[in-house]
């Protein structure tokens, strides 16, 4: 069994240049080298691999052999990996983080998150991202504990001495229930009626919200740590609860959920803040994210549709 040698990166780069240019002469012009140097590099590559990569006889332009076509994909992967490595190292030398840990509040609209992260992928292509989606005070806890460099937190970001913050928009929260829920069939809803029905409440296990309730009216509660599960249970008519309007907008339009016009639990604004530890300023990549969340928050004010 023959064992191939190890080609150099320059040999692989020359191989790809010949494929792209369609000829040895074209590759030589592209690489600013003599044609003889290109031919020599390809001959050495074929010798290292023990394969003929190009058909040279009976054709004006070299054509890939079946073996050459098989090697092509691997050569491209190697060179792309090397380009990525060089870009990552350049970013590190320029002060860019290798990785950013971002924690976001589960109430943050998916469209907002998607727009910012799509731009981040273009603006900071060498920075790896680790995304954490948490509820209530868990975003603060992750940033304070150093598990996340920055966070997009809800209103609980205020009053924490160790954290700096910047406004990053808001979302409308409104009470909703399934159309067959007793509250959805009341018109109007009497003051205090919500206390007679199960309220689905989002909760978390962070030290910031331990033993605390937010916008809870009913003594009968089901507590969930997952917003998706709360959404599903609301649609099943198990209870009523407050939800971010962008998430339930399709349900309100389709009629699978109804907004509850309750005198003691009206729709309200849930504000977001970009946060970071005061003693650990964000790096260039994390700073770019904070700036974009803040900018987008100013551009897209919350609205309350008449549904």
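The values are calculated or read from the model by the stated rules, or taken from the named source; none is laboratory data. All figures in this text were calculated on a predicted structure; none of them were measured in a lab. Note that each Cβ is placed from the backbone with ideal geometry, even for glycine, and that neighbours are counted across all protein chains shown.
Taking the stated definitions as given, is residue 296 touching a strand residue (DSSP E or B) at 6+ places or on another chain (Cβ under 8 Å), surrounded by fewer than 19 Cβ atoms within 10 Å (Cβ to Cβ) and modelled with pLDDT of 85 or more?
Details: touching a strand residue (DSSP E or B) at 6+ places or on another chain (Cβ under 8 Å): yes; surrounded by fewer than 19 Cβ atoms within 10 Å (Cβ to Cβ): yes; modelled with pLDDT of 85 or more: yes.
Judged against the criteria, residue 296 is a match.
For segment 147-185, give me the residue count where each residue is over 20 Å from residue 224 (Cα atoms), at pLDDT 90 or above and in a loop (DSSP other than H, G, I, E, B).
Counting residues in segment 147-185 that are over 20 Å from residue 224 (Cα atoms), at pLDDT 90 or above and in a loop (DSSP other than H, G, I, E, B) gives 9.
Within segment 248-265, restricting attention to residues that are modelled with pLDDT of 90 or more and crowded, with 17+ Cβ neighbours inside 10 Å, which residue is nearest to residue 108 (Cα to Cα)?
The extreme case among them is 248.
Does any residue in segment 216-228 that is under 15 Å from residue 238 (Cα atoms) come within less than 6 Å, Cβ to Cβ, of a residue that is in a strand (DSSP E or B) six or more places away or on a different chain, and which pairs are these?
218/199; 221/199; 221/201; 222/200; 223/201
Quick check, is residue 38 touching a residue at least 40 places away in the same chain (Cβ under 8 Å) and buried (at least 16 other Cβ atoms within 10 Å of the Cβ)? Talk me through it step by step, then tell me what you get.
Numbers: touching a residue at least 40 places away in the same chain (Cβ under 8 Å): no; buried (at least 16 other Cβ atoms within 10 Å of the Cβ): yes.
Criteria not met by residue 38.
Testing residue 122 on (1) in contact with a strand residue (DSSP E or B) (Cβ under 9 Å, 6 or more places away or on another chain); (2) without any contact (Cβ under 8 Å) to a residue 60 or more places away in the chain; (3) over 24 Å from residue 242 (Cβ atoms); (4) not in a loop (DSSP other than H, G, I, E, B), one condition comes back false. Which one is that?
The single condition residue 122 does not satisfy is (1).
Hey, among the residues in segment 143-154 that are surrounded by 22 or more Cβ atoms within 10 Å (Cβ to Cβ) and within 17 Å of the chain's Cα centre (by Cα), which one's farthest from residue 288 (Cα to Cα)? Explain how you work it out, then say what you get.
Step one: list which residues in segment 143-154 are surrounded by 22 or more Cβ atoms within 10 Å (Cβ to Cβ), which gives 143, 148-154.
Now narrow it down to the ones that are within 17 Å of the chain's Cα centre (by Cα): 148-153.
On the way: 148: 15, 149: 12, 150: 11, 151: 13, 152: 13, 153: 17 Å.
This residue is 153.
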